[in-house]
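K.L.:
First the structure, which I've put down as structure tokens, then a few questions once you've had a look.
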Amino acid sequence: MSGGTVADFLRSPRGMLALFACTFAGAVLLAVAAAFNRPFFEKFVAEKYGVVTAQEDSLMRTTDPASFVRKVQLLTPGKQTRLYEIWMQRPGKYPEQMPAWILSGNRDTLFQRIRVTLLAGSAVQRQMAALFLSRTRLPEAKVMLLDERKRAYRRDEQDVVSYLDELLRTQ
Amino acid sequence: MPAAPLLQVSNLFLRYGKFEALKGIHFTVHPGEIVGYLGPNGAGKSSTVKVLTGLLTPGGGSVEVCGHNVANQTLAAQACIGYVPESAPAYSLLTGLEYLSLVAGLYDVPSDKAEANIKMLIETFDMQKVAPRLIHTYSKGQRQKIVLCAALLHEPQVLILDEPLDGLDVDSARKVKEIVTGLAARGRAVLFCSHTLEIVQKLCTRIIILNEGRVVADQPTEEILNRSQDHNLESVFSQLTKPDKGNTDIQQVIAAL
Amino acid sequence: MSTKPSHFRLLLRTFLLMDLRGQHYARATGAKPGELIPPLYWVIGQYLFISAVTAIALFGRVDVLPYTFVMLTLSALLSISAVVVEFNEVALNFTDTQVIGHIPVHRRAYAAARIANLIFYLLLFSVALVIFPAIIGAALRGSDWSYTLVYAFAACCANLIFPLLAILLYTLRPPEPDKSDFRDVMAWTQIVLALVVFYGAQMMLRDGQHRLEMFLSYPPAWMHWVPTWWLAQWVTEMVQGNAPAGLLWGAVIALLTVALLAFTLYRLASFYRAIRTGYEHLSAERTPAPSRGIQLLSGWLASGRAQRSSVQFVLLLLRRDPDLRMRMLPQVATLAALVLLGLMTGQMGNPFAGGGSTAQSPSMAIAVVQILVISVPMLMHNFLYSRDFESSWLLWSAPAGPRGSLHAHSVRRVVLWLVVLPVCLVLGLVFAWRWQDPVSALLHLGLGWLQCVIISYVALEGIGLKVPFSEPLAKGGLSGKVAPLLAAVATGATFLGFLEFFAAQKLLYTAIFAVLLLCLFAFAKFKDGGSFVFQKNNLSKS
């Protein structure tokens, strides 16, 4: 086919429809390729936390819960959520009751912050947030855990469901 | 007893907002008649034609085409009419042949008859080479010819022609005049709107002159011509449409140019 | 005589054929076909791109329901936008009356053919808008391949229902085709909604607090009144919940769509009949004479009698052609909406004030000006089209340089001085008020104005603007044809925006940036002046 006839064909109604059909077919291939690569896209779904400073770390390593709770209550809501973010980065390093102590501050703000993690965090971050909730031993936290279990079940996340079942059993 | 009129216009009124375009028009066109429909610009010719063809709904009065009332039986009336609009509108992204096939289809002309008529008309107007091209590429005359073909191909009883010779070459204009005369001789009715008075004078059997939305003359051509001493349609037309104005303005314009 | 299926088929075939041919052959003069890639293709490409980017941005971040809601809303908005902005070309066609008005076609057959024509157009867009979200949605957690079918069905219904409702609203008013008040309202509504969607998408990607995901996952009560939310809930129910009950609702949705189609058909049939009379009424109305203001403006914008006449003509049509104003509205409205968003979200900081931890981000202040720069070619491009394109023989035949450069420059001047400059002045006032620093505002807008002037010269060549009002608007022509140039200009403007962002840190850098712009301006003017002189020489030789 010479250049002229290809151009003529592309300009004809039939050619235009063929062009659209080819483009749509290409789009379908690309979309299928994206659909089969969910793990690649999920890699970008994670929360970012600021680096923990030595001062913050020493604050969190407290051995005096009463003093820590007093300090927490004096912090702004933003700084209180920062404590949660510090815990999320190294949960094993701090006392087990730490989540409950942190939640002695502005509870609504903190629960809202945890909701964000459960929604926009990576799988590991979501499990950490669930662990945080379970360690508070608060009734609201249990409700949130149950909601999260429902969501994980809806999303066919069997591993998350099992993990949450485990946490809920200990409540 | 004369045959029933194919086109009957009774007490026709039309209003655009506050402006009265047609003020009680009466006329009839019988089979075999070629009626010239004249008037200065803005007299109401095109408005009349739009009402006759069902494009506009009149404010009062009635129009009957082949016995069908245009207001109530619009489609039946339209089916009897072959219409050449003034500016020869056509779908410019169709070829001439496609356009004619569309028109034939919309008039429900049987396909074999449509094919034969299209071929005949295309040949008559010497459009064989042009017809397969997009109308978009046509000259004004070629476009006019295609619209003429479209008006004729369903063999209408009534022809309404608004400036049908506009843009046509001498030979094509002659053919159109012959076709019009021939069809009238075979019992069709023709309403011929034009500003070219010489053609109207030669072609039409009767002349209607319209001025400011009123019919100011409706007589056989010979009788109309007898109204002026020089037996000239232009003089009669001037008398009836702008009797007080002379040529002084024109002289001034010529001097200024 | 009754409605004949053969008439419907013939008309539909004709309309589709003309639509497709119009992509290449809709020109006022000559038989030469247009570019190889049809304008509609660029529109389809844009829709594919927008839906792909949005679907991928949401992929993995939100659950099935919010994902479906966003994608369905975007899809419906873009469909309405296609119908509203190019309404005369898509839903109505005023030339039909002249061409086939006298032919015995039942008005229902005609309306059905026009509706079917519109459906073809909407389905073409729907395919472009559905492919990515439907397939990617199937890979969401908690979804499966049934999602593709269910979503495609819901999206096609939404893409039909909302434009049809827009058409119904249009036909409920008296048939005065040149009155654009309704379309203005529709255009503003869809612009604001589209901005909310696009702003939301970009915010989602860079917002550490994930406000959008939270908003979509824990929606406020009013969200349950949004029709696309209902549809999204239905899709989710079908995929994750009770499919048999959902099927019943699916049948209801299909029935509603068909009923709406039938009702629109009925309304359009009456509307088409009434519109003829409407046109005749309008033609009998007395049009006001050009105001003294237009004459003064044209005298100010042009030197020489010919240029003045040309500018006056462009100004007059800008004032009288509602389609032209309608086409320009999105660009200006987008800016207004961006300014509001910038003010509300605290991103309208002063780039010249120096950063500080408490200072507001200047991102939107810079973006607004860059968007203005990008809109210049689009604004100029709008002047290429007119319903009276056949009258452009006057401009083609008048002695205006071999390539109609006189008229192209008239458009450039009108756009720059009467659209862009007033917008700049308003923006300047807003910045001066916000920053409490008129000097910075003047500097910012001055640099922006200079960029607009440079881009206006680029646009003259890029969009091939020779004679304004000389082309009919083919479907998709408005945004499709100019898309490649806009992509290039957007890249350039973004680059300039970044440069300004960094240049604003120090006075010296700002001065260098200004000198760079002045050099670009001088180059553009020299290039344009050179070709203009060359054309004049050619004209005198010929």
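The values are calculated or read from the model by the stated rules, or taken from the named source; none is laboratory data. Given the structure is predicted, the values throughout are model-derived calculations rather than measurements. Backbone-built Cβ (ideal geometry, glycine too); neighbour counts: all protein chains shown.
K.L.:
Scan C:Leu123, C:Leu169, C:Leu205 and give me the residue that is assigned to a helix (DSSP H, G or I), more than 20 Å from the chain's Cα centre (by Cα), at pLDDT below 90 and within 14 Å of chain A (Cβ to nearest Cβ).
P.N.:
The match here is C:Leu205.
K.L.:
If a residue has to be more than 22 Å from C:Glu213 (Cα to Cα) and touching a Gly at 6+ places or on another chain (Cβ under 6 Å) to count, how many in the stretch A:43-72 make the cut? Explain how you work it out, then say what you get.
P.N.:
In the first step, residues of the stretch A:43-72 are kept if they are more than 22 Å from C:Glu213 (Cα to Cα); the result is A:51-72.
Within this subset, residues satisfying the condition of being touching a Gly at 6+ places or on another chain (Cβ under 6 Å) are A:72.
Final tally of qualifying residues: 1.
K.L.:
Also: Scan the stretch B:67-84 and tell me whether some residue there is more than 8 Å from chain C (Cβ to nearest Cβ) and closer than 29 Å to C:Leu20 by Cα.
P.N.:
So far as the stretch B:67-84 goes, yes, one or more of its residues are more than 8 Å from chain C (Cβ to nearest Cβ) and closer than 29 Å to C:Leu20 by Cα.
K.L.:
Identify the residue in the stretch A:30-69 that is more than 8 Å from chain C (Cβ to nearest Cβ), surrounded by 10 or more Cβ atoms within 10 Å (Cβ to Cβ) and aliphatic (A, V, I, L, M) and, among all such residues, is farthest from A:Met88 (Cα to Cα).
P.N.:
Here the residue is A:Ala33.
K.L.:
What's the number of the condition B:Ala189 fails, among (1) touching a Pro at 6+ places or on another chain (Cβ under 8 Å); (2) farther than 17 Å from B:Ala43 by Cβ; (3) surrounded by fewer than 14 Cβ atoms within 10 Å (Cβ to Cβ)?
P.N.:
So the condition that B:Ala189 fails would be (3).
K.L.:
Follow-up question, since we're still on this one. Pick from the stretch C:13-45 the residues that are at pLDDT 70 or above and in a loop (DSSP other than H, G, I, E, B): which of them is farthest from the other protein chains (Cβ to nearest Cβ)?
P.N.:
The selected residue is C:Ile37.
K.L.:
Next question, about the same structure. Please enumerate the residues belonging to the stretch A:2-29 that are at the interface with another protein chain (Cβ under 10 Å from one of its Cβ atoms) and over 44 Å from the mean Cα position of the chain (by Cα).
P.N.:
Selection gives A:Val6, A:Ala7, A:Asp8, A:Leu10, A:Arg11, A:Ser12, A:Pro13, A:Arg14, A:Gly15, A:Met16.
K.L.:
Please work out which one of (1) under 24 Å from C:Met214 (Cβ atoms); (2) away from every other protein chain (no Cβ under 14 Å) is the condition A:Ala120 fails and give its number.
P.N.:
Unmet for A:Ala120, out of (1) under 24 Å from C:Met214 (Cβ atoms); (2) away from every other protein chain (no Cβ under 14 Å): (2).
K.L.:
Considering the stretch A:123-171 alone, what residues qualify as being within 14 Å of chain C (Cβ to nearest Cβ), among the acidic types (Asp, Glu) and surrounded by fewer than 20 Cβ atoms within 10 Å (Cβ to Cβ)?
P.N.:
The answer is A:Asp147, A:Asp156, A:Glu157, A:Asp159.
K.L.:
Here are some residues: C:Ala76, C:Ala113. Which one is at pLDDT 85 or above, assigned to a helix (DSSP H, G or I), away from chain B (no Cβ under 14 Å) and touching a Phe, Trp or Tyr at 6+ places or on another chain (Cβ under 6 Å)? Explain how you work it out, then say what you get.
P.N.:
On the way: C:Ala113 fails: away from chain B (no Cβ under 14 Å).
On inspection, the qualifying residue turns out to be C:Ala76.
K.L.:
For the stretch B:1-46, give me the residue count where each residue is touching a Ser or Thr at 6+ places or on another chain (Cβ under 8 Å), within 14 Å of another protein chain (Cβ to nearest Cβ) and not hydrophobic (A, V, I, L, M, F, W, C).
P.N.:
Total meeting the criteria: 1.
K.L.:
Go through the residues of the stretch B:91-112 one by one and say whether even a single one is within 17 Å of the chain's Cα centre (by Cα) and aliphatic (A, V, I, L, M).
P.N.:
To start, the set of residues in the stretch B:91-112 that are within 17 Å of the chain's Cα centre (by Cα) comprises none.
Checking the stretch B:91-112: not a single residue is within 17 Å of the chain's Cα centre (by Cα) and aliphatic (A, V, I, L, M).
K.L.:
Still on this structure, please answer the following. In the stretch B:115-146, what residues are without any contact (Cβ under 8 Å) to a residue 40 or more places away in the chain and among the aliphatic types (A, V, I, L, M)?
P.N.:
Across the stretch B:115-146, the qualifying residues are B:Ala116, B:Ile118, B:Met120, B:Leu121, B:Ile122, B:Met127, B:Val130, B:Ala131.
K.L.:
Picking from C:Ala474, C:Ala503, C:Ala487, C:Ala483, which residue would you name as being modelled with pLDDT of 80 or more and not assigned by TED's automatic domain parsing to the domain that holds C:Trp42?
P.N.:
Values: C:Ala474 fails: modelled with pLDDT of 80 or more; C:Ala487 fails: modelled with pLDDT of 80 or more; C:Ala483 fails: modelled with pLDDT of 80 or more.
Result of the check over C:Ala474, C:Ala503, C:Ala487, C:Ala483: C:Ala503.
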